[in-house]
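Just below is one structure, and these are the notes that go with it.
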Amino acid sequence: MALRYVFVQIFGRGRLALSERPKIKEIKKLNNDQCDRVITILGGRGENARQIGLEVESCRMHWDWIKVGKATSVSLAERIELKHAIVTTLTALKSGESVIIHCSAGLHRTGLLAYCVLRSAGMTRNEALEVITKMRKETALALEERYLSEAENLILA
C-alpha cells in the first residue's frame with residue numbers, strides 16, 4: 001500500500017502531516033511533495049530508523065529520531081526525548097516547514113506527539129483532536145484516554 005498523508009496548515013505557514021512508517025522507496029515522494037522534515041518515533045533498536053534517516057537526509061530533508069518504544073509506558077529518558085521533539089516540531093512549523101510525524105503504524109506514538117504539539121501551540125483538547133482527525137482519521141481513533149492523559153502530563157511537566 002502506498003504512503004498516504006494529508007498536510008494541515010499550522011501557524012499560517014507550517015504544515016503538519018501524520019503517517020505510518022514509510023517504506024524506503026516512498027521517502028523520495030515526501031521530498032517531491034515539499035516535505036522539509038521527517039520525525040521518526042521508533043524504539044532504540046531502530047525498526048529501520050537508521051535506513052529511514054539516511055534516505056530522508058539524502059533527499060535533503062531534516063530528520064529527527066525520537067527514541068520511544070511504546071506510548072503506554074514512557075520512561076523518563078523517553079519523556080525528555082518527547083519534550084525535545086515537541087519544541088523541535090513547534091519551531092519547525094513556526095518557521096514554515098512542512099513536517100511529517102510517523103511511528104510504526106502511525107497511531108499511538110504519532111498521535112501522542114501530534115497531540116502534544118497542537119496543545120502546546122495553544123489549541124484546546126477538542127481542536128487538537130479535530131486537526132488530528134483531518135490529518136489521519138486512524139490516528140485520531142487510536143487516541144484513547146490513556147494516551148491523551150499521558151500527553152497532557154507531558155505538556156504540563
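The values are calculated or read from the model by the stated rules, or taken from the named source; none is laboratory data. Predicted model, so just to flag it, every value in this text is computed and none were measured. For neighbour counting, all protein chains shown are included, and Cβ atoms are generated from backbone atoms with ideal geometry for every residue, glycine included. Quick note on the areas: whole protein, heavy atoms, side chains included, nothing else; ligands and nucleic acids left out. Shrake-Rupley method; radii C 1.70, N 1.55, O 1.52, S 1.80 Å.
What the table shows:
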| quantity | calculated |
| --- | --- |
| Count of region 19-36 residues which are open to solvent by 30 Å² or more (accessible area, probe 1.4 Å), under 19 Å from R109 (Cβ atoms) and in contact with a strand residue (DSSP E or B) (Cβ under 8 Å, 6 or more places away or on another chain) | 2 |
| Selection count, region 91-111, where residues are of a type in the set (S, T, N, Q) and touching a helix residue (DSSP H, G or I) at 6+ places or on another chain (Cβ under 6 Å) | 1 |
| Complete set of residues in region 64-104 that are open to solvent by 50 Å² or more (accessible area, probe 1.4 Å), in a loop (DSSP other than H, G, I, E, B) and touching a residue at least 12 places away in the same chain (Cβ under 8 Å) | K67, K70, T72, S95 |
| Scan of region 5-18 for residues that are open to solvent by 60 Å² or more (accessible area, probe 1.4 Å) and within 12 Å of T133 (Cα to Cα), ordered by number | V6 |
| Qualifying residues in region 117-135 (those that are open to solvent by less than 30 Å² (accessible area, probe 1.4 Å) and more than 19 Å from D36 (Cα to Cα)) - the one nearest to the chain's Cα centre (by Cα) | I132 |
| Flag if A114 is buried (at least 17 other Cβ atoms within 10 Å of the Cβ), of a type in the set (A, V, I, L, M, F, W, C) and either at pLDDT 95 or above or assigned to a helix (DSSP H, G or I) (or both) | yes |
